[in-house]
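Here the structure comes first, spelled out in structure tokens, and everything after it is commentary.
What follows draws every value from the coordinates through simple rules; no lab data is involved. Being a predicted model, the structure only gives us computed values, none of them experimental. Virtual Cβ from ideal backbone geometry, glycine too; neighbours counted across all protein chains shown.
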Amino acid sequence: MKPRYLINFMTIIIVYSAITFYIGWNGWVWLHSVFDLQDKWIYGLVVSLISYSYIIGHFTKKVPLFKMIGSYWFGLFQYAILFLPLSNLVAFVLIFADFSTTSVINWVGGAVLISFVILFIFGTFNAYSPVVRTFSLVIPKQVGNLTELRIAMASDMHFGRLSGIRHVRRLVRNVNALKPDIILLPGDIIDDDPEPFTQKKMADVMKELSAPLGVYGVLGNHEYYGGGIPKFLQEMERIGITILLDQVFKIADSFYLAGRKDKSDRNRLPIEAFLTDIDPSLPIIMMDHQPAEITQAQENRVDLLLSGHTHRGQMAPNHLITKRIFENDWGYLQKSQLHSIVSSGYGFWGPPLRIGSRSEIIQIHLTFLKRE
């Protein structure tokens, strides 16, 4: 490891450990005051184990409990950083105003705990209760026999340990109820490792997705992180879902469907490399997991660009960051002839929590108009 990377890594570990200590200290003060907890060493060991359980889970894949605990910890970690400084300030002001120290610790700490419980219940509901968002768009191009096209789209399912078999069944039920002409899945179908996906036979449930023009998807960054792309592609092929890898297909002799490799793939082709030999008078629909090249899609005559990846930050106020990174981090954007739609995702990464975002399925009604 290069010295610069080692220094950066150690800095991150030190800062993370310092924040974890701060969170743990707040928990200790409250537990000691309310329950007269005495053994701080055992408490410290438990907090340390929880705070590093996601990393531990990466190396102990056969013990999924660590990764599950670590996922929830990330949610607690983020909101503890937001809540605890404010609660500490309130506590210091009340103690300075001569309120009983014990009462202040008990009541302020209790209020923080209740806030976390409410937040986690609300966030869990948002994560596991998808909504359908509908967009109606017009593409002024000549097509074959089609005058309209109904698309069902779901991205970022992250199927694995926490976004599990029930969430897969929920997806199939809700998508099929829309009676789409075509189903599109713009990446991060699985959460890194394909083993939980295959182990729980989630592909057999996804096989029930049904649309006359087929089911298509692309790879997201998390398929690459898991390192099991060949196994994943084999599963998709087995159940009849076509994964496009810098490819373009002509569908129903009426429109083009293009799918890009993820931006994290070093061998990813530029858009123009595989859109050169197509008829631009027909509609061009493209899936690109990360909405990072909207301008390039517009310049290459793409009519509809479908993406995910951002999760809309998943847990507020992270959406303020994604809005700064991406031109369109969620929802709809039109740029000349291009219609860009970015989904906040059907699943989640890390904690099964959505605050300020919602698990969603996208329904798109396309109308094609002949040019005069």
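Potential lengthening of the chain between Thr367 and Gln296 amounts to 23.2 nm, from the contour at 0.36 nm per residue minus the alpha-carbon distance.
For Lys141, the aspartates and glutamates whose Cα falls under 16 Å of its own Cα, not counting residues fewer than eight places away in the same chain, are Asp253, Asp279, Asp303, Glu372. Our note on the geometry: Cα centres of region 188-261 and region 265-306, 19 Å apart. Close amide H contacts of Gly214 (hydrogens built in the peptide plane, cut-off under 5 Å, sequence separation of 5 or more or a different chain): Ile183.
By the count of neighbouring beta-carbon atoms within 10 Å, fewest first, Glu148, Glu195 end up ordered Glu148, Glu195.
With contributions of -39500 (n - 2.57) from each DSSP H run of at least four residues, the per-residue ellipticity at 222 nm computed over the chain stands at -14500 deg cm²/dmol.
Could you tell me what percent of the DSSP beta bridges with both partners in the chain are antiparallel, to the nearest 5? Walk me through the numbers before you get to the answer.
Numbers: 16 of 48 bridges.
So the antiparallel bridges in the chain amount to around 35 percent.
Taking label points 7 Å from Cα along the Cα-to-Cβ direction, Arg266 and Trp25 give a separation of 4.4 nm. Per 20 Å bin, what is the whole-percent P(r) computed from every C-alpha pair distance within the chain? Result returned by the calculation: 26, 50, 21, 4, 0.
If you average the sequence gap of Cα pairs under 8 Å that are 6 or more apart and divide by the length of the chain, what percent do you get for the contact order? The partial results should precede the final answer.
On the way: 704 pairs, mean separation 77.8, N = 372.
Worked out over the chain, it gives 21 percent.
Annotation: aspartates and glutamates with alpha-carbon distance below 19 angstrom to Lys200 (same-chain offsets under eight excluded): Asp156, Asp188, Asp191, Asp192, Glu208, Glu223, Glu235, Glu237. When the Cα positions of Trp107, Val47, Trp30 are compared along the charge dipole of region 1-158, Val47 comes out farthest toward the positive end, with charges on each C-beta of Lys, Arg, Asp and Glu. You can think of it this way: the chain between Val117 and Thr147 has 5.8 nm of extra reach, that is 0.36 nm per residue less the Cα-Cα gap. Suppose R0 equals 30 Å. What FRET efficiency, 1/(1 + (r/R0)^6) with r the Cβ-Cβ distance, do Ser281 and Arg173 give to the nearest 0.05? Calculated value: 0.20. Candidates Leu320, Gly226, Gln337 compared by Cα position along the dipole of the chain: farthest toward the positive end lies Gly226, with charges placed on Cβ.
Using only side-chain charges placed at the Cβ, +1 for Lys and Arg and -1 for Asp and Glu, the dipole size of the chain relative to its Cα centre rounds to 360 debye.
For Leu245, Leu31, Leu149, what's the fewest-to-most ordering of other Cβ within 10 Å of each Cβ? Provide the component values of the computation, followed by the final result.
Working: Leu245 18, Leu31 15, Leu149 24.
Taking fewest neighbouring Cβ atoms as first place, the list is Leu31, Leu245, Leu149.
Evaluate E = 1/(1 + (r/R0)^6) for Thr102 and Ser17, where r is the Cβ-Cβ distance and R0 equals 30 Å; express this FRET efficiency to the nearest 0.05. That gives a FRET efficiency of 0.55.
Of the residues Ile294, Pro140, Val172, the one whose Cα sits farthest towards the positive end of the charge dipole of region 131-368 is Val172 (charges of +1 on Lys and Arg Cβ, -1 on Asp and Glu Cβ, taken about the Cα centre).
Within the listed set Ser53, Ser115, Ser307, the Gaussian network model of the chain (springs between alpha-carbon atoms below 10 Å) gives the highest mean-square fluctuation for Ser115.
If R0 equals 41 Å, the separation of the Cβ atoms of Glu237 and Gln38 corresponds to a calculated FRET efficiency of about 0.10. Cβ crowding within 10 Å ranks Tyr54, Tyr22 as Tyr22, Tyr54, fewest other Cβ atoms first. Per-residue extension of 0.36 nm, minus the Cα-Cα distance of Leu320 and Val90, leaves a gain of 80.2 nm for this segment.
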